[in-house]
Amino acid sequence: MVRITGTGSYLPDKVISNKDLEQMVDTTNEWITQRTGIKERRVVAENQSTSDIATEAASLALKKAQITPQEVELIVLGTSTPDFPIPATAPIIQKKLGCSQIPAYDINSVCSSFMYALLNGYSSIKSGIYQNCLVIGADCYSRILNWQDRNTCVIFGDGAGAVVLQRDEHAKGVLSLNYGADGNGSHLITQQAGGSVNPVSKAIKNRENDLYFQMTGKKVYEFTISVIPKVAKKMIQDAGLNKEQIDWIILHQANKRIIESISKILAIDLNKFINNIEFLGNTSSASIPMALDSAVKQNKIKQGDKVMFLGFGGGLSWGGMIVEW
Ligand code: UT7
């Protein structure tokens, strides 16, 4: 019913290596490599924003799907680092791409944002409202990180990925899905200032740290390891499959150790997991569509393959789908 017909991604040029970070905070290449699997990450140029990199990724996805910007009927952007708090960033992308006056809006579920945007695009087509949707995951965490906080600045990178979703009567599309959130952990990943509780004007004067992204990494790690494998198992069961029938798994790229642990818990070969964390870091909402695009470019995913997508992050939230390619 719904098929991904095009993928695209964009990576900023500027590289920050672990060695560069050693000059900035009290850290070492060994610590970062051993604890996260990350060697380098990209950051946007001074004059680039989330809408710029999202537009680049989206144009490539449209070319791959062989559709024009005028044929797009809906744009859903998953991001937690929009160009501005107001307006939403998707209308800015709509203008930059040269689309018609179609609906364009943002979804923020932190690192799960792309998966929630994908659910929205998928539902819009399945319900018969639209035929052609553009779903984007793009983030510029370099703009909200405290570059003096070693707990966070060594982990994240900037990037954008996009997919075109189209109605296709012959496609099986989504075989199962599982979305959820546990608000008990909402304090574990935050950017405290800029909302109705803590207006940015107040934070600038009294609590500068609230302006930055903050994460209680260990607790999030524990949540991920305890919840995400269960979600994966449930999706496999709901799809009427066994784990051997899953061809590829694309998890949110939060930490190489998390991916390795989930592979062990599920007893699914690590070679089935598509990874891009080593040279990109955690790109938040962009990590899944960028990993997908790299797998498609390498001709790894073949028609009929069963691909599991599973994102997780702030909220705490998760979202996953098994699709038949
Ligand atoms: O994308 C959204 C979802 N996010 C996640 O899923 C992230 C999940 N969490 C993680 O990936 C890991 O918890 C981190 C990579 C964030 C941290 O790894 P960890 O193994 O959990 O380290 P930790 O926070 O328990 O810290 C261990 C030690 C501490 O020192 P002490 O207290 O043992 O002396 C930290 O102060 O490592 C220290 N540390 C560092 N040392 C060198 C923390 N960051 C650094 C650093 N360089 N950059």
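The values are calculated or read from the model by the stated rules, or taken from the named source; none is laboratory data. Because the structure is a prediction, the values reported are computed rather than measured. We place every Cβ from the backbone using ideal geometry, glycine too, and count neighbours over all the protein chains shown. In case anyone asks, the SASA skips ligands and DNA or RNA and just uses the protein heavy atoms, side chains included. Shrake-Rupley method; radii C 1.70, N 1.55, O 1.52, S 1.80 Å.
Odds and ends about this structure:
Matching residues to (1) within 13 Å of the ligand (Cβ to nearest atom); (2) assigned by TED's automatic domain parsing to the domain that holds LEU280; (3) of a type in the set (A, V, I, L, M, F, W, C); (4) farther than 29 Å from THR89 by Cα:
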position	(1), (2), (3), (4)
VAL25	yes, no, yes, yes
GLU30	yes, no, no, yes
ARG35	yes, no, no, yes
GLU40	no, no, no, no
GLN48	no, no, no, no
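- Residue check, ASN146 part of a loop (DSSP other than H, G, I, E, B) and not assigned by TED's automatic domain parsing to the domain that holds GLY313: yes
- Hits in the stretch 28-46 (condition: of a type outside the set (Ser, Thr, Tyr) and in a helix (DSSP H, G or I)): ASN29, GLU30, TRP31, ILE32, GLN34, ARG35
- Close pairs (9 angstrom Cβ cut-off, 6 or more residues apart or separate chains): within 12 Å of the ligand (Cβ to nearest atom) in the stretch 138-164, open to solvent by 10 Å² or more (accessible area, probe 1.4 Å) and at pLDDT below 95 anywhere: ASP149/ASN209
- Qualifying residue in the stretch 82-94 (condition: under 16 Å from SER9 (Cα atoms) and either assigned by TED's automatic domain parsing to the domain that holds LEU134 or buried (at least 19 other Cβ atoms within 10 Å of the Cβ) (or both)): yes
- Residue within the stretch 230-245 that is within 16 Å of the ligand (Cβ to nearest atom), surrounded by fewer than 16 Cβ atoms within 10 Å (Cβ to Cβ) and assigned by TED's automatic domain parsing to the domain that holds ASN184 present: yes
- Extreme residue, surrounded by the most Cβ atoms within 10 Å (Cβ to Cβ), among residues of the stretch 29-50 that are without any contact (Cβ under 8 Å) to a residue 60 or more places away in the chain and either closer than 30 Å to ILE75 by Cα or in contact with a helix residue (DSSP H, G or I) (Cβ under 6 Å, 6 or more places away or on another chain) (or both): ASN29
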